[in-house]
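Enquirer: Following this message is one structure expressed as structure tokens.
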Amino acid sequence: MIAHIAILLSAQLIGEVTVRSLGLPIPGPVLGMGLLLILLIARPKIATDMAPTTSGLLSHLSLLFVPAGVGIITHLDRIATSGFGLTAALIFSTWAALIVGAWTFIGLARLTGSRP
């Protein structure tokens, strides 16, 4: 389990170091997880071995939302003053993401000859 967590953290570290050294405009952890995806596709045995560890991490994913909840409580005054704009931006961005995702799915289904 420790080795699997080390693989996850190493992928994040490699991504972060790469982004900072090359000045890339993407987050380091995103690049690191992309590199991890390539590793897992290239070596399926690693993916199989990591499955119990990653399932355990995902089962406790809700703990990561505690800091977000604390942040909301801490900034209630900002939410009171900018709440309408924040809510509008959240609703608009959610709908935009859903629409673009649906269009992408339809386009890929047509491209591959599948039926949506």
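The numbers here are math on the coordinates, done by the rules we state, and not lab data. These numbers come from a predicted model, not from an experiment. Here the Cβ positions follow ideal geometry from the backbone for every residue, glycine too, while neighbour counts run over all protein chains shown.
Enquirer: When the helix-only estimate is applied to the chain (DSSP H runs of n ≥ 4, each -39,500 (n - 2.57), divided by the residue count), what is the mean residue ellipticity at 222 nm, nearest 500 deg cm²/dmol? Mind dumping the intermediate values first?
Expert: On the way: 5 runs with 98 residues, N = 116.
Mean residue ellipticity, 222 nm, calculated: -29000 deg cm²/dmol.
Enquirer: Classify the chain from the C-alpha gyration tensor, please: rounded if a/c falls under 1.5, else prolate or oblate depending on whether a/b exceeds b/c. Please list the in-between numbers first.
Expert: Numbers: a/c = 1.81, a/b = 1.21, b/c = 1.51.
Because a/c hits 1.5 or more and a/b fails to exceed b/c, the chain counts as oblate.
Enquirer: Treat the count of other C-beta atoms within 10 Å as a stand-in for reagent exposure and order L108, L40, L31, L61 from fewest to most.
Expert: On the way: L108 11, L40 16, L31 20, L61 8.
Listing L108, L40, L31, L61 from fewest to most nearby Cβ atoms yields L61, L108, L40, L31.
Enquirer: I need the helices of the chain that pass two filters: whole DSSP H segments spanning 27 Å or more by Cα along the axis, and mean Kyte-Doolittle score no lower than 0.0.
Expert: On the way: long enough: 2-22 (29 Å, 1.41); 76-112 (50 Å, 1.22).
Qualifying helices, which must be both long enough and hydrophobic enough, are 2-22, 76-112.
Enquirer: At 7 Å along Cα-to-Cβ for each site, give me the label-to-label distance between T94 and R110 in nm.
Expert: 2.9
Enquirer: Okay, next question. For V70, V30, what ranking results if the residue with the fewest other Cβ atoms within 10 Å of its Cβ goes first?
Expert: On the way: V70 10, V30 14.
Ascending number of Cβ neighbours within 10 Å: V70, V30.
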